[in-house]
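First up is the structure itself, then whatever we jot down about it.
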Amino acid sequence: MKGDVLDVEVYGASHAKAIGVKIKGIPAGTVIDGDAIDGLLSRRRAVRAPWSTPRIEKDEYLFTSGVRDGVTDGDTIEAEIFNTDVRSGDYGEFMNVPRPSHADYAAMVKDGTREVAPGGGRFSGRLTAPLCIAGGIAEGILKEKGIFVCAYVSSVGKAEGRSYKDGVPSKEEVLEAQRMPLPAITNSEEMLEEIMRAASSGDSVGGTVECVVYGLPAGIGDSMTDGMESAIAASVYGVPAVKGVEFGDGFSLSRMRGSEANDPFAYENGKVVTLTNRSGGINGGITNGMPLTLRVALRPTPSIAKEQRSVNVLTGENVILKIKGRHDACIVPRAAAAVESAVALAVLDKILAEGK
Ligand SMILES: Cc1cc2nc3c(=O)[nH]c(=O)nc-3n(C[C@H](O)[C@H](O)[C@H](O)COP(=O)(O)O)c2cc1C
């Protein structure tokens, strides 16, 4: 993610010795919030649950540069995580057969190779672990300014849970949900059933994650591609498997009349507020002081146990692919922490750029 001030580069690959993140632009003298980092990493980590890959990594990280005694020194921050639970043999038999809808084929063309990168290479969801380290640093700084970024699962397959569209949840409700391995505010049992049904038939299922930013002042962001929506969308699309982003009522605004879609203004305790929040706290790319809300669509995990049609790019044949390997039947519960990190980094970048 390259912002106005922040430059965040996640590096490494699923089955490399290590993965990590380099962050430029965090002010010197910032106290690193280790709890925020650990919280995001543990929500992202695979758990022994029906939706989760059996690959369990401890995600122990080390700052190799830019942080001394828990405080930033102004140099590029660099944090590294060693991969410990790697099993590349799973890919041997189909090393020239791209998985449908994973990044395998597109990356082969781009990188000029005819081999699938083990574990998805740099496109693996594994790379969202270092993203969470950067996200935790950002959340720590934002918290000091009274700004809280909180994500939760709002649907899995056809099972819908509480959405901000039914009224923005309180920060406490979201934090409570985040204590659960499937961090939904309501209806997690039905979501779990959706996952079990998909997993038991060798399939996968997608869903949505919502994120609310509380405490953002009005007036942050600017027009067109300098806007808050543009910055957040660009950052969130960096999370693998994200295929859609909407702010506030998003796509459903296109089916409303202006009289339904507009958020009326009012004074409340001397402060301008809107009586509804269908615009998701942003007008013209600039925050309006209401909670910033967004909903993110995540595709079903591309790697499924069911047989699929693919091609062998070495032999030039059409083939039937039967994926072994270890994969999440549903990545949505773990992706919530990655989405939250991506949003926190984009928001912090705009705040730093405006000297707030
Ligand atoms: C936390 C997380 C875990 C993921 N785990 C897997 C996985 O086990 N198997 C898989 O095929 N894709 C997994 N993905 C998704 C792929 O990385 C992603 O679909 C792929 O890189 C193609 O990118 P795209 O879907 O954004 O086009 C995961 C994504 C995230 C965020």
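Every number in this text was worked out from the coordinates using simple rules, so none of it is lab data. These numbers were taken from a predicted model, which means no experiment stands behind them. Cβ: placed from backbone, ideal geometry, glycine included. Neighbour counts: every protein chain shown.
Points worth noting:
- Taking a ≥ b ≥ c as the square roots of the eigenvalues of the alpha-carbon gyration tensor, segment 171-249 is classed oblate because a/c is 1.5 or more while a/b is no larger than b/c.
- About its Cα centre, the dipole of the chain is roughly 860 debye, where the only charges are +1 on Lys and Arg Cβ and -1 on Asp and Glu Cβ.
- In degrees, nearest ten, helix 34-44 long axis to first principal axis of the chain (Cα): 50 degrees
- In the chain, the longest principal axis of the Cα atoms and the axis of helix 188-200 are about 20 degrees apart.
- The calculated 222 nm mean residue ellipticity attributable to helices in the chain amounts to -8000 deg cm²/dmol, summing -39500 (n - 2.57) over DSSP H runs of n ≥ 4 and dividing by all residues.
- Between 0 and 90 degrees, the angle of helix 332-353 with respect to the longest Cα principal axis of the chain falls at about 50 degrees.
- Once exposed loop GluC sites (Glu not before Pro) are cut out (DSSP; at most 12 other Cβ, 10 Å), longest piece of the chain: 61-306
- Candidates V319, G119, V174 compared by Cα position along the dipole of the chain: farthest toward the positive end lies V319, with charges placed on Cβ.
- Alpha-carbon centroids, segment 67-87 and segment 232-249: separation in whole Å: 26 Å
- Low-density loop positions, trypsin sites (Lys or Arg not before Pro), segment 223-270 - DSSP coil, at most 12 other Cβ in 10 Å: R257
- Using C-alpha pairs under 8 Å with a sequence gap of at least 6, the mean separation divided by the residue count of the chain gives a relative contact order of 23 percent.
- Segment 27-50 and segment 152-178: distance between their alpha carbon centers, rounded to Å: 21 Å
- 37 °C / 0.692 mPa s Stokes-Einstein diffusion coefficient of the chain, Kirkwood radius on C-alpha pairs, µm²/s: 155 µm²/s
- Net +/- balance of residues flanking G221 in space, Cβ distance below 9 Å, scoring K and R +1, D and E -1: -3
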